[in-house]
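Undergrad: Dropping the structure in here first, questions after.
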Amino acid sequence: MTVFKAIVVLLLGSIAITAQGATPESPDATTEISSPTRATAKPLPPPPEPSWWDGPYLTGDWNGLRRELADEGVTPYIYYNAIMAGNASGGLKQGGPLYGQDLNFGLTFDMQKLANWQGVTININGVDRAGNTIRPDVGNLYDPMQLVGGSTAYLYNITLEQKFLDNIGSFKFGRLSAGDDFASSDFYGYYLNNGIDGQIKAVVLDTRFSTYPYPVWGARLRFDPTSEWNVMTGIYQVSNTMFDHNYDGLNFSMHGGYSIVQQFGWTPEFDKRPVEDGAKSDPKDMSVASKTRGMPGHYAISGYFSNSDYSQFGTTAKAYQSYGFFAQADQMVYREVSGSDLGLYLWGSLTYAPQENISIIPVQLSCGAVYKGPLPGRPDDRAIIGFIYGHFSPDYANTVAATGGGYPSAEKVLEWGYRVQASKFAYFQPDLQYIIDPYGTGNIPNAVVIGAQWGLTF
């Protein structure tokens, strides 16, 4: 048993792991030459390592330790993201800039390599957040700085995922959130506004929908019967303390109710064509030489139900169920070269929560566009634009109006940004948001929020 496997056994504690001894490394490769003397040729030199700047990590390969850990089945990761933003005009008052950060770190264990446990991955993950948001200066609903929320340290993700039926099915359970698999998209991460980035905000506001960095007990079952169709079902613990950051993710009690999320997905790829030489976003990637690639799309329709207790607007009586629906789509609509992933992608989402007595935003429409590689010689940069429309519930608006705060109808947000992918491990993104009718009452001037986000992979 290697040192790395022994460490893993101690870390996983109660999980029974019968770690097998590591297979001895093969001696240096030699090639027999057919000759009476049976001479051996010198081993071929290894391929050159990428330079530090071309590599995926700020801290490099740790003098080979990363590869050794990966060979053993252990993958460490550290991600750092930060936002700085200020309210330049309008809103309740000008202010800022303010700063928020999110540090995400953890270990992923490939149990097939560690203990010959076929198809099993274990993830242990922590989060540390700090900073303040400019939202109180703007006076709006959708936070312009999505990283800010629950500024403390959390034990977030402790999950075991088992794949089965030749990877057609997968089952994941442990400490996690519904937002790990539902109401999210890779495209949302390019935006600073919390109405888009993270999860679809109306879903989080209208029901008890667990999101990063607040973990709950839960499980998710997924099937991909074909390359284009998938179905997911998740069940998660919910309670009135699930977003209490004072627990630091360490409240392991199982109380309250539950929520069930069901999703049906379609992932087509239109207009498949051979990948041309100029289509590779990474000029060093020779693996795509004989492949075909189409214009990918992702479509999903989902519904949720929760049996938890919900406060009703304008009364002390409780409602004991919550349900709603949301749909998501993204589609590549233009590519620069046949088979390329460079080009224009459109995305959108729509939510509907029929219970206006408990739903703050029963209808939210979000949409946007992302252009990958907008400038020559910058294949990994992205130019983005996004729009949010959130319609307030009349029941909720009446309670606000009763306090003299005006009658909120709808809040709208426009966002523009350009992400400079400086290297594989570093990006920087200037950003501009125009917030129309903050909080929807018409009493707060439209606001201009200027900001930026940046990130590093250690």
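Undergrad: May I ask for the percentage of alpha-carbon pairs in region 102-190 that lie more than 16 Å from each other? Before the final figure, lay out the partial values.
TA: Numbers: 2666 of 3916 pairs.
For region 102-190, the fraction of Cα-Cα distances above 16 Å is 68 percent.
Undergrad: Another one. Rounded to whole Å, give me the distance from the Cα center of region 380-445 to that of region 70-142.
TA: That distance is 21 Å.
Undergrad: What whole-number volume per residue, in cubic angstrom, does the convex hull of the C-alpha atoms of the chain give? Kindly include the intermediate steps, with their values, before the conclusion.
TA: Values: hull volume 79.3 nm³, N = 458.
That works out to 173 Å³ per residue.
Undergrad: Based only on Cα atoms, what mean projected area does the convex hull of region 157-218 have, in nm²? If you can, show how the numbers build up before the last one.
TA: On the way: hull surface 19.5 nm².
Taking a quarter of the hull surface, the average projection is 4.9 nm².
Undergrad: Quick one: Cα centre-to-centre distance for region 152-187 and region 191-244, in angstrom?
TA: Value for the Cα centre distance between the two parts: 10 Å.
Undergrad: Assign unit charges at the C-beta atoms only (+1 for Lys and Arg, -1 for Asp and Glu), then state the dipole size of region 161-229 relative to its Cα centre in Debye, rounded to the nearest 20.
TA: 320
Undergrad: Here is the link list: K272/K372; K172/K372; K93/K412. Which ones come out longer than 25 Å on Cα distance?
TA: K172/K372
Undergrad: Compare the peptides 292-299, 410-417 by average per-residue count of other Cβ atoms within 10 angstrom and give them in order, highest first.
TA: Details: 292-299: 16.8, 410-417: 20.5.
Answer by packing, highest mean first, reads 410-417, 292-299.
Readers should treat all values here as calculations from the given coordinates under stated rules, not as data from a laboratory. Not measured: the values here are computed from a predicted model. In this analysis, Cβ positions are derived from the backbone assuming ideal geometry, glycine residues included, and neighbour counts consider all displayed protein chains.
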